[in-house]
Amino acid sequence: MSSTTTTPELRFDNRVVIVSGAGGGLGKAYSLFFAARGAKVVVNDLGSGLKGEGASASAADVVVDEIRRAGGQAVADHNNVLDGDKIVATALEHYGRVDIVINNAGILRDKSFKSMTDKDWDDVLNVHLQGAYKITKAAWPVMRKQKFGRIIMTSSAAGIYGNFGQANYAAAKQALVGLSNSLAREGAKYNITSNAIAPLAASRMTATVMPQEMLEALKPEFIAPLVGYLTHESTQQSGGLFEIGGGVITAHRWQGTDGVVFKADSSFTPAAVKQRFAEIDNFNGRVYYPASMQDNDWMGKLAEAQALSENAQGAELRFDGKVALVTGAGAGLGRAYALMFARSGAKVVVNDLGSAERDGKKVRAADLVVDEIKRAGGQAVANYDSVEDGDRLVATAIESFGRIDIVVNNAGILRDKAFANATPADWDLVYRVHLRGTYKVSKAAWPHFVRQKSGAIINTNSAVGMFGNFGQTNYSAAKAGIQGFTNTLAIEGAKYGIRANAIAPNAGTAMTATIMPAEVVEMLKPEYVAPLVGYLAHESTEHSGKLFQVGSCWVSEVRRQRSGGVAFPLTAPITPEAIAKRWADVVNFDDGRAHYVADTRQSSAELLANAMGGGSGDNDNSAAQDDETAVDLKRAYAGTSEPQAFDYTTRDVALYALGIGASRGDLKLVYENSDDFQTFPTYAVIPAFHTRMDLTDYLPPFNPMMLLHGEQFVEIHRPLPTSGRLMCTTQIVDIQDKGKGLTATGRLTMRDAEGNVVAVSESTSFIRGLGGFSKKPGFQPVQAVARPEAATAANVIPRHAPDAVLAQKTSEEQAAVYRLAGDLNPLHIDPEMSKLGGFKTPILHGLCTFGHAARHVVKLATAKDDPRELRSIKARFSAPVIPGETLETSVWADGNNPCRVFFQVRVVERDVIAISNAAAEFASPVSIAGSGSGNAKL
């Protein structure tokens, strides 16, 4: 799309912006952006780390100083976001108003749900959700009075899709979307907008596998223009959710199946739902796109249901021997669920702390339902505890029936008031009952589910949680948070046979009676919701991680749909003006590119792939498309970089040695005043992280997520100095077509000041998706660059027992130490990034394992543990290592070469091979230590 129209610069002169968590990363980028465009910025940062530890005022002060040195206006604020009124007071005291609030502050407490503590939950929810509420609540009356305000909530892919080890984070991040949606509705009459973004920034990406232009496109500075556009006075967009990363901006909306309307009679059972579930789940048929609570004709559906014939039934879905816990079961939906489970053979824990009238007396509501179940021949027990004491609810089930199989989190409360009038107590009570109560009950049941390898959780979302609603900011935040929580439970529970689903019911209950006419409440019977809950709870049901709208005998599955969006060209900075010109394309769901995204990995991979495509700008690439998948081997092999300097000190050398497992006992490696101080030879891998070799100069565009570090080779020509300067040149030396992908080998040659070669390091990467290039018309084969025999050897490990073995347990901080040598890939330190890469926890650098192995081999193969004897070493990476695991290196003498050994590395705890097909050559014949004497340990 091209245009000659120039969009006026979007300025923020005289606007006052509060940015929380602004001491670094995205928050800093936002602060600098707004200040550069004329805004006065309150730079809030408590100064704590990623996990919330510590506190230092310096982070905010540094950003303020940078803004002021550039001629901008800013003030630092060091308050905790839970003291939102103090942050807003800072803005008012210095600048007299608040126009824009960017809720960006956050921390992580990532743990699997079974290991998560209440403190982990509370810490994350406090900073992300409660902190955003506190700041926004304090700013709201100011914005209302001035008839202008712009609010940004920071969600995440984890909040949208769920993510392993982030039940707390996912709940908080999705809750912010629910809060934003309701604020958008309430703020409309006051010219206050609210939007949520889910950003993917360079700080989450892998510097070692991404070309430079990709890193440039993923900087936090490229998220800021979207925030700038959404908060400008000319922008009326409100109530949106946008994912952004890699220059790509996409929008979200809800998509629902046409669903199934069931006959409104006793034949509407869980078995009837099972009979027609394929229709409920069918997104390939008729679908719709709800945007508000009014987008469903509930009364019309009920009328349709009453006119139908009897529902088809399969075999009855029984719950004999199962124990179901239903919260808020004293009336309404909860009572309907409890009665249904009891009729089908389950033993039921009826939880409710409320009371009801019977014969003029006040009695426990739970007792009435238990009595009703028992009179019908069922088994049930009452529990009167608050869901905030979830362990007591589950204890009732265990003490009464010996097990628990099903949890239906149904308890709720309303405190509906306009945001301006709602008190913190109104907010806290709704949060504690709905979201934290759901967490507490699920948390208490989880270890029982894990132990018995089965369990079903049905959580209660709401149309308010999906779309927002006036006067229900507390409720919409809590209900939306339940959805993010549910999605994560589904992911984590899969390996244990635990399923988690959510429903958004429309029914008359004691709670909704306060906002619905009595005749409507009567017609929207809870009994028309219960059959879906029964189906989802049954052991024959495999579905998990789903959301359903249900009521008036109608059931529909709903999910998020993402627009194709806009991939802005990477050749120029993204600006809010450019976004304004393409906004219609960002929110366009009718161009055939809107689609469903299943999880965080798909989301990130698509954003990265779009970014690698160069953007959807004005360039016409049609003439070059036939060559897009070509590989020019001649040009690749001919290209050698200009010399690049790599400077290092004795400190760097010692730090590297510590990173590969050396200790204070290894004085010659870690103590610069040792008479024999030396650089361990595999330090030769480090200069690659400080020099540039861009594979995309010679290869077609590829998704960096498809790149794997496959092999590493190091050849030592002379001992590496313990400090100094190495002049480094880079070159592609081999590209091989492997069918489904290709391998590309890059060489880094290091020379000293006299031009003598000191060492050569070769790294081989496998890139999926780029194979088949040698079969294309016009391909010209080219002889690869000559390589040492040791660099290309297959190194088949002998089949007999190893000649020596050495084991070393790595430290849990090993990756944190090793990265300081220069390999700063966040995959190895940042829990969010490791999950993005598909790992539950940050993994050890492959080259860290390589260094450990090299040390082990030197110890085992040289008489005096002399690293200077090493001449070359090659290894293939087979599996990742988790910091804290034990590395066991086995060596075999090479019967054909007295100076060479083969070796491999095994992770003891998981019995997997981390390094295979490996060999090392020495200057002298090897003398294997401990030969035939069993294992040795460091």
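The values are calculated or read from the model by the stated rules, or taken from the named source; none is laboratory data. What you see is a predicted model; the values in this text were computed from it and never measured. Please note: Cβ atoms are built from the backbone with ideal geometry, for glycine as well, and neighbour counts cover all protein chains shown.
Residues that are surrounded by 20 or more Cβ atoms within 10 Å (Cβ to Cβ) and within 25 Å of the chain's Cα centre (by Cα) number at least 1 in the following helices (runs of 4 or more DSSP H) confined to the stretch 392-508: 437-452, 463-467, 473-493. Do we have any residue at all in the stretch 245-255 that's assigned to a loop (DSSP other than H, G, I, E, B), under 30 Å from residue 198 (Cβ atoms) and not assigned by TED's automatic domain parsing to the domain that holds residue 452? Yes: the stretch 245-255 contains one or more residues that are assigned to a loop (DSSP other than H, G, I, E, B), under 30 Å from residue 198 (Cβ atoms) and not assigned by TED's automatic domain parsing to the domain that holds residue 452. Which members of the stretch 105-123 meet the condition of being touching a residue at least 12 places away in the same chain (Cβ under 8 Å) and either closer than 15 Å to residue 74 by Cβ or of a type in the set (Lys, Arg) (or both)? Those that are touching a residue at least 12 places away in the same chain (Cβ under 8 Å) and either closer than 15 Å to residue 74 by Cβ or of a type in the set (Lys, Arg) (or both): 109, 111, 114. Pairing residues of the stretch 286-297 that are touching a residue at least 24 places away in the same chain (Cβ under 8 Å) with residues that are hydroxyl-bearing (Ser, Thr, Tyr), at Cβ distances under 7 Å and at least 6 apart in sequence or on separate chains, gives 287/257. Number of residues in the stretch 731-748 that are among the polar types (S, T, N, Q) and surrounded by 22 or more Cβ atoms within 10 Å (Cβ to Cβ): the value is 1. On the given criteria, is residue 345 of a type outside the set (S, T, N, Q), in contact with a Phe, Trp or Tyr (Cβ under 9 Å, 6 or more places away or on another chain), over 30 Å from residue 472 (Cβ atoms) and crowded, with 17+ Cβ neighbours inside 10 Å? Criteria not met by residue 345.
Does residue 263 satisfy the criteria of being touching a residue at least 12 places away in the same chain (Cβ under 8 Å) and either part of a helix (DSSP H, G or I) or on the phi > 0 side of the Ramachandran plot (or both)? Give the derivation first.
Numbers: touching a residue at least 12 places away in the same chain (Cβ under 8 Å): yes; either part of a helix (DSSP H, G or I) or on the phi > 0 side of the Ramachandran plot (or both): no.
Against the criterion (touching a residue at least 12 places away in the same chain (Cβ under 8 Å) and either part of a helix (DSSP H, G or I) or on the phi > 0 side of the Ramachandran plot (or both)), residue 263 does not qualify.
Tell me, which residue of the stretch 1-35 that is out of contact with any strand residue (DSSP E or B) (no Cβ under 9 Å at 6 or more places or on another chain) and among the small types (Gly, Ala, Ser) is modelled with the lowest pLDDT? For the stretch 1-35, the residue satisfying everything is 2.
So which residues in the stretch 184-222 are within 15 Å of residue 608 (Cβ to Cβ), modelled with pLDDT of 65 or more and crowded, with 22+ Cβ neighbours inside 10 Å, if there are any at all? Scanning the stretch 184-222 gives 198, 199, 200, 218, 222. Could you go through the stretch 150-163 and let me know if any residue there is out of contact with any Lys or Arg (no Cβ under 9 Å at 6 or more places or on another chain), touching a residue at least 12 places away in the same chain (Cβ under 8 Å) and part of a loop (DSSP other than H, G, I, E, B). Yes, the stretch 150-163 has at least one match.
The residues of the stretch 295-327 that are surrounded by fewer than 19 Cβ atoms within 10 Å (Cβ to Cβ), polar (S, T, N, Q) and under 28 Å from residue 456 (Cβ atoms) amount to a single one, 313. Here the stretch 811-845 is the region considered, the condition is being among the charged types (D, E, K, R), part of a helix (DSSP H, G or I) and over 22 Å from residue 663 (Cβ atoms), and the residue that is modelled with the highest pLDDT is 832.
In the condition set (1) over 22 Å from the mean Cα position of the chain (by Cα); (2) within 29 Å of residue 636 (Cβ to Cβ); (3) at pLDDT 85 or above, residue 776 is compliant with all but (3).
With the requirement that a residue be outside any loop (DSSP other than H, G, I, E, B) and under 16 Å from residue 259 (Cα atoms), what does the stretch 280-323 give you?
Let us first name the residues in the stretch 280-323 that are outside any loop (DSSP other than H, G, I, E, B), namely 280, 287-288, 293-295, 298-307, 323.
Scanning the stretch 280-323 gives 280, 287, 288, 295, 298, 299, 300, 301, 302, 303, 304, 305.
The set of residues from the stretch 100-128 being out of contact with any Phe, Trp or Tyr (no Cβ under 6 Å at 6 or more places or on another chain) and more than 29 Å from residue 448 (Cα to Cα) comprises 100, 101, 103, 104, 105, 106, 107, 127, 128.
Checked against (1) on the phi < 0 side of the Ramachandran plot; (2) touching a residue at least 24 places away in the same chain (Cβ under 8 Å), residue 468 passes all but condition (1). Do the conditions hold for residue 369, that is, is it touching a Ser or Thr at 6+ places or on another chain (Cβ under 9 Å) and either more than 22 Å from residue 532 (Cβ to Cβ) or at pLDDT 95 or above (or both)? Taking the combined requirement at face value, the residue does not satisfy it.
Here is a yes/no grid of residues against (1) surrounded by fewer than 22 Cβ atoms within 10 Å (Cβ to Cβ); (2) in contact with a strand residue (DSSP E or B) (Cβ under 8 Å, 6 or more places away or on another chain):
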| site | (1), (2) |
| --- | --- |
| 236 | yes, yes |
| 240 | yes, yes |
| 243 | no, yes |
| 247 | no, yes |
| 253 | yes, yes |
| 260 | yes, yes |
| 263 | yes, no |
| 266 | yes, no |
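Considering each residue of the stretch 348-363 in turn, at least one proves to be in contact (Cβ under 8 Å) with a residue 40 or more places away in the chain, in contact with a Ser or Thr (Cβ under 7 Å, 6 or more places away or on another chain) and closer than 29 Å to residue 431 by Cβ.
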